[in-house]
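Working notes for the structure below.
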């Protein structure tokens with residue numbers, strides 16, 4: 001008795017084409033999903049970084065105000081709002097005076113904006129001073145009151161990253 005499968009030595013052209021079409025359809029569904037996931041992860045990272053810097057700015061202000069209240073430091077004319085001069089001060093530390101003289105640090109390093117890579121010698125974030133308008137895109141340079149992303153991109157929800 002002759003077996004039916006004796007002549008089958010490989011795949012037919014139709015089987016290969018059908019397999020390739022199925023793989024193409026699956027790939028066209030997975031690639032946009034992977035891109036969306038990557039964008040979501042970057043957006044979560046941006047929100048976390050902004051929150052981390054803003055919390056450090058708030059903590060600096062709270063410590064500065066407490067030191068002035070305790071008369072450990074005298075409020076200076078060049079720092080009327082009590083915010084740091086630059087973001088690097090949050091990393092390097094600031095001496096608020098007091099019974100023990102030491103620099104208090106608020107960040108280990110300045111977080112990087114995932115949507116706006118830092119260029120050589122450029123600023124990692126857009127900054128606003130206490131005296132700038134809330135929607136200002138230029139930094140007055142007196143102090144750092146707030147930070148924002150320098151990216152011109154649009155988020156998944158339709159908002160601009162620089163408005164976060």
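Taking the criterion of being in contact (Cβ under 8 Å) with a residue 24 or more places away in the chain, over 14 Å from the mean Cα position of the chain (by Cα) and over 21 Å from residue 91 (Cα atoms), the only residue of the stretch 138-164 that qualifies is 156. Checked against the criterion of being more than 20 Å from residue 62 (Cβ to Cβ), assigned to a loop (DSSP other than H, G, I, E, B) and within 17 Å of the chain's Cα centre (by Cα), the stretch 91-107 has no qualifying residue. For the stretch 110-122, the count of residues that are within 14 Å of the chain's Cα centre (by Cα) and within 16 Å of residue 55 (Cβ to Cβ) is at least one.
So in the stretch 97-142, with the set limited to residues that are exposed (fewer than 11 other Cβ atoms within 10 Å of the Cβ), out of contact with any strand residue (DSSP E or B) (no Cβ under 8 Å at 6 or more places or on another chain) and at pLDDT below 85, which one is farthest from residue 44 (Cα to Cα)? Checking each candidate, the answer is 99.
Considering (1) more than 29 Å from residue 36 (Cα to Cα); (2) part of a helix (DSSP H, G or I), the lone condition that residue 73 does not fulfil carries the number (2).
Looking across the stretch 74-96 at every residue that is buried (at least 17 other Cβ atoms within 10 Å of the Cβ) and over 15 Å from residue 107 (Cα atoms), the one that is modelled with the highest pLDDT is identified as 82.
The values are calculated or read from the model by the stated rules, or taken from the named source; none is laboratory data. Since the structure is predicted, the reported quantities are computational estimates derived from the model, not experimental observations. Counting neighbours? That spans all protein chains shown, and the Cβs are built from the backbone with ideal geometry, glycine included.
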